[in-house]
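A short write-up of the structure that comes next.
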Amino acid sequence: DGFPASKLFSQGYSYTYDDVIFLPHYIDFPTDAVSLATNLSRNVRLSIPCVASPMDTVSEAHMAAAMAALGGIAFVHSNCSATQQASIIRSAKSLRVPIAPTVGFVGPDAAGGFGPADGKYVFVTESGTLPSRMLGYIAKSDWEDLQDKDVKIFDYMRDCKTVENVPWNYDLGEIEAVLEDRKSDFVVLERDGEVVNVVTKDDLERLKGYPKLGVGTVGSDGEWMVGAAIGTRDSDKERLKHLVKAGVNVVVIDSSQGNSIYQIEMIKYIKKTYPELDVIGGNVVTVYQAENLIKAGVDGLRVGMGSGSICTTQEVCAVGRGQATAVYKVSSIASKYGVPVIADGGISNSGHIVKALTLGASTVMMGSFLAGSTEAPGAYEYQNCCRVKKYRGMGSLEAMTKGSDARYLGDTAKLKIAQGVVGAVADKGSVLKFIPYTMQAVKQGFQDLGASSLHSAHELLYSSTLRLEVRTGAAQVEGGVHGLVSYEKKYF
Ligand code: XMP
């Protein structure tokens, strides 16, 4: 019944996740027996198969800490200077309690009122952000009287001397005890003289309502593992020095078409200079591309070209591949060499994650799925009464103007051509809440397929035990909610 993947994907069609559907198999274990532990790359082990994309509206310090705390990992984007990228990595590693702050941060010269995202307090730091030396803070209640006056926050803030900081590596229990002890509303966490986070009583209460965190992704230094993106220029060798010094645990060479002499030389350089560091190559979508990077020595492959929600590469360049086909084809060759595959882009629900993993990937990399979270960089805004966060392609004109044109090999061209768009995604709350629910849904999918782990899913795939079919347009409509006058889409 149905088709084995080897047959379905060799008929000249480019399929994406929604085109295909798995046939259910046989269940002989409970959902909780499913393990989603996996490898990101040859030497980096994760307890969940989730990876945050190196995009400047997705992965900075708070996303990196939260993803590692969940057992996944994030790649810090490189659309900033090498020192800024290194500082984001250091900062992520300092966020032992992975709560994204719900208070605002400004520099001493700031004027004007509270923004909608500032919470109950605004903290004044030397740099206007974290980590930095703390100068003072102001409570919303103090500030409201001054809102319309043209005053500087620095002149009205409360002195920080009244606040006793605690060490950065305090755990939740210790933080709670301090809050209780001091009858304080917030606690300031400090490392090497700089404030790394502020946790309020409300944050703690919220966190208590989230699912319990499992096994985090911790490196040999005892800190969160953090990945980073780099390019293929000589300046990226210099950048890498900074990142290694900051403690980066794995790097991805960020390119939309990874099968290039530039990338192959960079892979060889990194493997020679930093033999301990795992290098992920890509992006690739064909067996030929994958084999070239495997021969060059990659420890992992990133798969996808034009499948991302903000991508226009296929429209602009006429090159790419449907993501289901790309993941299956690359995984089938990579698995022979023991190289894990990251299915990158096009994930918009838990079913897509099940499909990516059962088609051979070891992890999924996500942009839009994570961009509306509390942990993503940027402030929430309102659009048509909806709370949203900005999400943009790294090949959008806006992002390239800030420096990401290297990913699209636009460095020598005088005319910049966009391969991505700028948009917004809905507020999704914290990844600490919705990723565990998503993983539970993925486990249920695995159970339906009779796979109790990624390893067993891949065995079922390559032994042709798993069967799948293409869905017609009508079957896809039928597979979604249909025929209702109205409904609310809520999964948890
Ligand atoms: P999702 O679907 O998760 O996709 O939002 C994220 C992935 O999209 C890729 N990416 C781009 N691709 N133009 C592209 O063609 C772009 O501007 C762009 N920005 C990101 C990237 O692989 C990311 O992980």
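The values are calculated or read from the model by the stated rules, or taken from the named source; none is laboratory data. In this text the structure is predicted, and so the values were computed from the model without any measurement. Please note: Cβ atoms are built from the backbone with ideal geometry, for glycine as well, and neighbour counts cover all protein chains shown.
Before moving on, here are some points about what is shown:
- For the range 242-256, a residue qualifies if it is touching a residue at least 60 places away in the same chain (Cβ under 8 Å) and out of contact with any helix residue (DSSP H, G or I) (no Cβ under 8 Å at 6 or more places or on another chain), and the qualifying residues are Asn249, Val250, Val252.
- Gly258 vs. criteria of a type outside the set (A, V, I, L, M, F, W, C) and in contact with a Gly (Cβ under 6 Å, 6 or more places away or on another chain): yes
- Condition check for Gly128 on (1) modelled with pLDDT of 80 or more; (2) surrounded by fewer than 17 Cβ atoms within 10 Å (Cβ to Cβ); (3) not hydrophobic (A, V, I, L, M, F, W, C); (4) not in a loop (DSSP other than H, G, I, E, B): one failure, at (4).
- Condition check for Phe434: under 30 Å from Gly214 (Cα atoms), modelled with pLDDT of 95 or more and either in contact with a Pro (Cβ under 7 Å, 6 or more places away or on another chain) or within 16 Å of the ligand (Cβ to nearest atom) (or both): yes
- Selection status of Ser373, closer than 27 Å to Ala61 by Cα, within 18 Å of the chain's Cα centre (by Cα), surrounded by fewer than 24 Cβ atoms within 10 Å (Cβ to Cβ) and in contact (Cβ under 8 Å) with a residue 12 or more places away in the chain: no
- Output for the range 466-492, where each listed residue is closer than 23 Å to Thr358 by Cα, in a loop (DSSP other than H, G, I, E, B) and either under 28 Å from the mean Cα position of the chain (by Cα) or charged (D, E, K, R) (or both): Arg467, Arg471, Gly480, Tyr491
- Hits in the range 338-349 (condition: more than 17 Å from Gly71 (Cα to Cα) and either within 14 Å of the ligand (Cβ to nearest atom) or touching a His at 6+ places or on another chain (Cβ under 8 Å) (or both)): Val341, Ala343, Asp344, Gly345, Gly346, Ile347, Ser348, Asn349
- Flag if Ala334 is within 12 Å of the ligand (Cβ to nearest atom), part of a helix (DSSP H, G or I), in contact with a helix residue (DSSP H, G or I) (Cβ under 9 Å, 6 or more places away or on another chain) and not acidic (Asp, Glu): no
- Among residues of the range 364-403, those that are within 12 Å of the ligand (Cβ to nearest atom) and closer than 30 Å to Leu449 by Cβ, counted: 9
Per-residue answers, yes or no, for (1) of a type outside the set (Val, Ile, Thr); (2) surrounded by fewer than 22 Cβ atoms within 10 Å (Cβ to Cβ); (3) touching a residue at least 60 places away in the same chain (Cβ under 8 Å); (4) within 17 Å of Asp18 (Cα to Cα):
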residue: Arg302; (1), (2), (3), (4): yes, no, yes, no
residue: Met305; (1), (2), (3), (4): yes, no, no, yes
residue: Thr313; (1), (2), (3), (4): no, no, yes, no
residue: Arg321; (1), (2), (3), (4): yes, no, yes, yes
residue: Thr325; (1), (2), (3), (4): no, no, yes, yes
residue: Tyr328; (1), (2), (3), (4): yes, no, yes, yes
residue: Lys355; (1), (2), (3), (4): yes, no, yes, yes
residue: Thr358; (1), (2), (3), (4): no, no, yes, yes
residue: Thr363; (1), (2), (3), (4): no, no, yes, no
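- Among the residues listed as Ile138, Ile89, the single one being of a type in the set (Val, Ile, Thr) and at pLDDT 90 or above: Ile89
- Some residue of the range 53-62 being modelled with pLDDT of 95 or more and assigned to a helix (DSSP H, G or I): yes
- When Ala74, Ala177 are checked against the criterion of being crowded, with 16+ Cβ neighbours inside 10 Å, modelled with pLDDT of 90 or more, hydrophobic (A, V, I, L, M, F, W, C) and out of contact with any Asp or Glu (no Cβ under 8 Å at 6 or more places or on another chain), Ala74 stands alone in meeting it.
- Pairing residues of the range 199-213 that are closer than 11 Å to Glu176 by Cα and touching a residue at least 60 places away in the same chain (Cβ under 8 Å) with residues that are surrounded by 15 or more Cβ atoms within 10 Å (Cβ to Cβ) and among the aromatic types (Phe, Trp, Tyr), at Cβ distances under 8 Å and at least 6 apart in sequence or on separate chains, gives Val199/Phe186; Thr200/Tyr121; Thr200/Phe186.
- Residue match in the range 311-331 (condition: within 9 Å of the ligand (Cβ to nearest atom) and assigned to a loop (DSSP other than H, G, I, E, B)): yes
- For the range 270-298, the set of residues classified as of a type in the set (Val, Ile, Thr) and part of a helix (DSSP H, G or I) consists of Ile270, Thr273, Val287, Ile294, listed by residue number.
- Residue check, Ser10 under 26 Å from Met305 (Cα atoms), within 16 Å of the ligand (Cβ to nearest atom) and surrounded by fewer than 18 Cβ atoms within 10 Å (Cβ to Cβ): no
- Scan of the range 164-189 for residues that are part of a strand (DSSP E or B) and in contact (Cβ under 8 Å) with a residue 40 or more places away in the chain, ordered by number: Phe186, Val188, Leu189
- Cross-chain or 6+ apart pairs with Cβ under 9 Å, the range 459-483 first and over 30 Å from Lys336 (Cβ atoms), then hydrophobic (A, V, I, L, M, F, W, C): Ala475/Ile21; Gln476/Ile21; Gly479/Ile21
- Per this entry, Gly115 is counted among residues that are loosely packed, with under 15 Cβ neighbours inside 10 Å and either at pLDDT below 95 or within 16 Å of the ligand (Cβ to nearest atom) (or both).
- The range 410-426, subset at pLDDT 65 or above, part of a loop (DSSP other than H, G, I, E, B) and surrounded by fewer than 16 Cβ atoms within 10 Å (Cβ to Cβ), residue farthest from the ligand (Cβ to nearest atom): Lys414
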